[in-house]
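The values are calculated or read from the model by the stated rules, or taken from the named source; none is laboratory data. All values reported here derive from a predicted model rather than from experimental measurement. Cβ placement follows ideal geometry from the backbone for every residue including glycine, while neighbour counts extend to all protein chains displayed. Heavy atoms of the whole protein, side chains included, go into the accessibility calculation; ligands, DNA and RNA do not. Shrake-Rupley method; radii C 1.70, N 1.55, O 1.52, S 1.80 Å.
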Amino acid sequence: MNPAERVDQDDVLRARSILLGSGYLSVDRQVEAYRVLAEVSPMAYLPKLAEALVGLRRGPLVR
């Protein structure tokens, strides 16, 4: 089975909508969206997921 077939297409659509939405996007929301999209298209979204995770680590909640 193709990895893309295991991902709910509604989740993919929601993740893409989150990223395309206007306004400020928190790092938490970026990580959430990129995790879903990395399962469908790893070559495109794993580097972005890695950047978002680094940004999450640098966030104000981490001490």
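Only a single item in (1) open to solvent by less than 80 Å² (accessible area, probe 1.4 Å); (2) at pLDDT 95 or above is not met by Met43, and it is number (1). The C-beta contact set for the range 33-51 (first residue closer than 14 Å to Arg6 by Cβ and in a helix (DSSP H, G or I), second residue at pLDDT 95 or above and of a type in the set (Val, Ile, Thr), distance under 8 angstrom, 6+ apart or interchain) comprises Val36/Val12; Leu37/Val12; Val40/Val12.
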